[in-house]
Amino acid sequence: MDIPRIFNITESAHRIHNPFTPEKLATLGAALRLERGTRVLDLGSGSGEMLCTWARDYGITGTGIDMSQLFTEQAKRRAEELGVADEVRFIHGDAAGFVSDEKVGVAACLGATWIAGGVGGTIELLAQSLRPGGLILIGEPYWRRLPPTEDVARGCLAGSISDFLLLPELLAFFRHLGYDVVEMVLADQDSWDRYEAAKWLTMRRWLEANPDDEFAEDVRARLSAEPERYAAYTREYLGWGVFALMRQ
């Protein structure tokens, strides 16, 4: 069980696998007013930066599940590095359908709502692990402005314009599902740059170290295309944020 190899290559040097900086992740933790001992579930936990830093800074405990064996190993090392290995645990597995045996105060899925067929299904899944009065965290893209054509949407790596909503529409969608939006922290172009541009150096270093790998041609093609694609499309049209929800 693992994610497609290209992600393990391009994001192997990332600690945060979304367009968030460490500062924005810290801002989110502070904004949620986390109490010491709060249990957090993170589906699609990547390299564990959210759980590890929040355990260090706010005294939470938590469990993360991710399909990438590489990222899960990185998360465990990060927990050891920050001295929180007794407070957080990381499971290499499929987060789809995962429900915690013990109810949690925060149930999160940041940037992986495909695990339950989209935002609505992921909220339903997270709610099964949540204690009454707890918070659901959803990390999701939205359109900063509508792409003028379907080709532009595909340039943003969306399947179509209809894949994402404008920010007011996304907030209204949460309300229609029966949730209050009680906090949000949004990516900006700088945090997008840090997420996307960091991949380019990683790909170049990987190509230098693996010139004869059967995947090298694919990585070279991606490195050649990505800077211009990102600058023309994703950077201009696509937003991303984490939204804190509470049941109405």
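Couple of notes before you dig in:
- Rg/Rg_globular for segment 108-163, with Rg_globular taken as 2.2 N^0.38 Å and Rg from C-alpha atoms: 1.38
- Here each label is just a point 7 Å from Cα along the line to Cβ, and for Leu201 and Arg56 those points are 1.9 nm apart.
- Dimensionless Rg over Rh [segment 38-96; C-alpha; Kirkwood]: 0.93
- Taking label positions 7 Å along the Cα-Cβ direction at both Asn210 and Glu150, the computed distance is 3.4 nm, reported to one decimal.
- Solvent exposure ordering (accessible area, 1.4 Å, most first) of Met67, Met1: Met1, Met67
- Apportionment of accessible area to carbon and sulfur, the chain, percent (1.4 Å): 50
- In the set [x] 121; [y] 146; [z] 168, the label that goes with volume of the Cα convex hull per residue in Å³ computed for this structure is [x].
- Formal net charge of residues neighbouring Gly139 (Cβ-Cβ distance under 12 Å; K, R +1; D, E -1): -1
- Equivalent-ellipsoid semi-axes of segment 148-240, from the Cα gyration tensor, Å, largest first: 33, 16, 12
- A protection proxy built from the mean count of other Cβ atoms within 10 Å ranks the segments 204-217, 20-33, 47-60, 108-121, most packed first, as 47-60, 108-121, 20-33, 204-217.
The values are calculated or read from the model by the stated rules, or taken from the named source; none is laboratory data. Here the structure is a predicted model, which is why all the values come from computation and not from measurement. Because the Cβ atoms are built from the backbone with ideal geometry, glycine has one as well, and the counts that use them run over all protein chains shown. These area figures cover heavy atoms from the full protein model, side chains too; ligands, DNA and RNA do not enter into them. Shrake-Rupley method; radii C 1.70, N 1.55, O 1.52, S 1.80 Å.
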